[in-house]
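Please read the structure below before turning to the comments.
The values are calculated or read from the model by the stated rules, or taken from the named source; none is laboratory data. These numbers were taken from a predicted model, which means no experiment stands behind them. Glycine also receives a Cβ, built like all others from the backbone with ideal geometry; neighbour counts cover every protein chain displayed. Only protein heavy atoms, including side chains, enter the accessible area calculation; ligands, DNA and RNA are left aside. Shrake-Rupley method; radii C 1.70, N 1.55, O 1.52, S 1.80 Å.
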Amino acid sequence: MRVRMKLLAPGMVFLCSVLGCAKTNPRVVTTLNTGAMLNGALPANPIQGRVITSWIDKNAGTMSTLYGNDVAVQYARTGAQVGYPAGSALSVVTWTQKEDPRWFGGNIPAAAKSVEYVTIAADKHYTYQRYEGSPLKQVDQEAGVTPNDRESYLLSQRAAVMP
Amino acid sequence: MASAYGARVLWIAVLAGLVFLGLQLIRPTLTNPPVTAELQAPPEVRAVLRQSCYSCHSNETKLPWFDQVVPAYWIVTKDVKEARAHLNFSEIGKLPAPQQKAALYEAVNMIQLGAMPLPSYLRVHPGAAVSAENLKVLRDYLNPPAPAGAAAAADTSAADAQYKGWIAASNQTLTVKASPNGIEFLPDYKNWKTISSTDRYDNHTMREILGNDVAVKAIAENHINPWPDGTAFAKVAWAQQPDGKGVSQTGAFIQVEFMIRDSKKYASTKGWGWARWRGTDLKPYGKDADFSKECVGCHEPVRQNDYVYTMPLGGQQ
């Protein structure tokens, strides 16, 4: 059996070089980006939200997307009030980056580095939660009547223009 | 008996030979026009392209003897003419530097994805294959080590004005012209779910890739090849806007592009309807319906993946 396979191999190579066998290029094998999945006991799945904006941290080699619930997105895209209203729930996922195997010249999300949540309660209380690690675990939780520095930074990111 | 049969075979062979020789006279012309503006790139980069690509993508086509014989000659002539029309390294030097770089990024990708040199050509000309070392020469030229320190803060005035205009008009609905292939704009794209994002440092843009409910359900069930009819993707591109501290934010909106799956309706364009609108006034892209060829051409290397580049994030519900 072994011997026969050995004899067959050069024949196949020859046939393939003449007829052209369909080689599958590993770069185009259909697959989900499972490496960038959010694993862990998270209070909510951020990617269920709608996109507000995104940014890339060149020094850290990460890319972040800011998502919002309906209240938050409505505010961010219309600027109807001054500041996010009560009932807003935002989340940010920050991914490390990897080269896009299908497009040299692009980076795509790799493992998640952190997930953050900012919620504004009816009484205008701000809650901040941060998850890190693999699986993602809560590393910070803060609440207060004014946003902390990180919350202020996130809430000041204006919506990406989407006409 | 035997000799009569032999004579018949001989006659057929002679006739076939004459036909073969006659066919050699049918020769479409293939000339080498002058090299007017060769690609501006270091000699080692040009050397790699010269070895693997110039026989088709330049005005310096050199055909080995076996390509001079019909019918091989017909195939090669057609390939060369088409290849030059798409990309000609002997004339591309007249374009601005960023456009020359963009062509090289596309070249590297066509090589990596196995689309170039044409596989049919490679089988007969194995010497034209791009070796791993040669590929590295091209990649290293395009991706030099990043300069130390953060990029200077961008001038944000245009993006700021665009944002203000967009917010001010947020209570109005824009009338948007259909794409030249008849596809209507889908204003609800901004409420679809994100399925990935890309940092395209090759052209200083950043993108979010969004999918409609059919797309998201297909991801959740991992039925993404082929994608079900009704799937729609939107890819939104913005300029990267460095803040001077190492972070690039979403700058001016550039365009939104769609792929809409309908295997019957869009059979002539690989089962997808293609459309692109540019600028905040959402001007449809393309002179006529033929613009889709450009989209299909660049998505062709991922045809085994149903023409979709994006690897969707797992974890959709």
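Some values worked out for this structure:
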| read-out | value |
| --- | --- |
| Residue-level accessible surface for B:His57, protein heavy atoms, 1.4 Å, Å² | 30 Å² |
| Share of carbon and sulfur in the accessible heavy-atom surface of the protein assembly as shown [1.4 Å probe, %] | 60 percent |
| Given B:Lys190/B:Lys264; B:Lys101/B:Lys265; A:Lys124/B:Lys193; A:Lys98/A:Lys137; B:Lys78/B:Lys270, the pairs whose alpha carbons are separated by over 25 Å | B:Lys190/B:Lys264; B:Lys101/B:Lys265; A:Lys124/B:Lys193 |
| Two-decimal ratio, the range B:153-305, of alpha-carbon radius of gyration to 2.2 N^0.38 Å | 1.11 |
| Heavy-atom SASA rank of B:Lys190, B:Lys293 (probe 1.4 Å, accessible area, largest first) | B:Lys293, B:Lys190 |
| Neighbourhood charge, 9 Å Cβ-Cβ cut-off, centred on B:Trp238 and excluding it, Lys, Arg +1 and Asp, Glu -1 | 0 |
| Heavy-atom accessible area, 1.4 Å probe, ligands and nucleic acids excluded: residues of the range B:195-220 down by at least 50 Å² from chain alone | B:Ser197, B:Asp199, B:Tyr201, B:Glu208 |
| Two-site label geometry, B:Leu15 and B:Lys287: point separation in nm, points 7 Å out along Cα→Cβ | 4.9 nm |
| Bridge type composition, the protein assembly as shown - antiparallel percent by DSSP, nearest 5 | 95 percent |
| The range B:26-142 - Rg over Rh from alpha carbon coordinates, Kirkwood radius | 0.96 |
| Helix axis angle, B:157-168 relative to chain B longest principal axis, alpha carbon, degrees | 70 degrees |
| Chain B, accessible area per residue, ligands and nucleic acids excluded (1.4 Å, Å²) | 53 Å² |
| Along each principal axis, Cα extent of the protein assembly as shown, largest first, Å | 108, 60, 47 |
| Around A:Tyr126: net Lys/Arg minus Asp/Glu count, Cβ-Cβ under 15 Å | -3 |
| Distance between modelled label sites at B:Leu174 and A:Val82, nm, 7 Å Cα→Cβ extension | 2.9 nm |
| In Å², nearest 10: area of A:Lys137 left accessible to a 1.4 Å probe | 130 Å² |
| Segment A:Val29-A:Thr96, length gained on full extension (0.36 nm per residue, minus Cα span) | 21.9 nm |
| For the pair A and B, total buried accessible area rounded to nearest 100 Å², probe 1.4 Å | 5700 Å² |
| Test item: Cα-centred dipole of the protein assembly as shown, Lys/Arg +1 and Asp/Glu -1 on Cβ, debye | 1420 debye |
| Of B:Trp11, B:Trp65, B:Trp277, the one that fluctuates the most in a GNM where chain B has Cα springs shorter than 10 Å | B:Trp11 |
| Chain-alone versus full-assembly comparison, the range B:88-117, residues with accessible loss of at least 50 Å² (1.4 Å probe) | B:Asn109, B:Gln112, B:Leu113 |
| Within 10 Å of each Cβ in B:162-171, the average number of Cβ atoms from other chains | 4 |
| Of A:Tyr117, A:Tyr128, B:Phe66, farthest towards positive along the dipole that unit charges on Lys, Arg, Asp, Glu beta carbons give the protein assembly as shown | B:Phe66 |
| P(r) of the range A:35-155 over all Cα-Cα pairs, binned every 10 Å from zero, in whole percent | 13, 43, 32, 11, 1 |
| Globularity ratio of chain B, using Cα Rg and 2.2 N^0.38 Å | 1.28 |
| A:Met162, B:Met311, reordered so the largest accessible area comes first (probe 1.4 Å) | B:Met311, A:Met162 |
| The range B:206-256 - Rg (one decimal) and Dmax (whole number), Cα, Å | 15.1, 44 |
| Inter-chain Cβ neighbour average for residues A:43-53, partner chain, 10 Å | 4 |
| Theoretical FRET efficiency, 1/(1+(r/R0)^6), r = Cβ-Cβ of B:Thr31 and A:Asp140, R0 60 Å, to 0.05 | 0.30 |
| Which of B:Glu294, B:Glu133 is most accessible, then next, and so on - probe 1.4 Å | B:Glu133, B:Glu294 |
| Share of pairwise Cα separations in the range B:102-191, more than 16 Å, in percent | 76 percent |
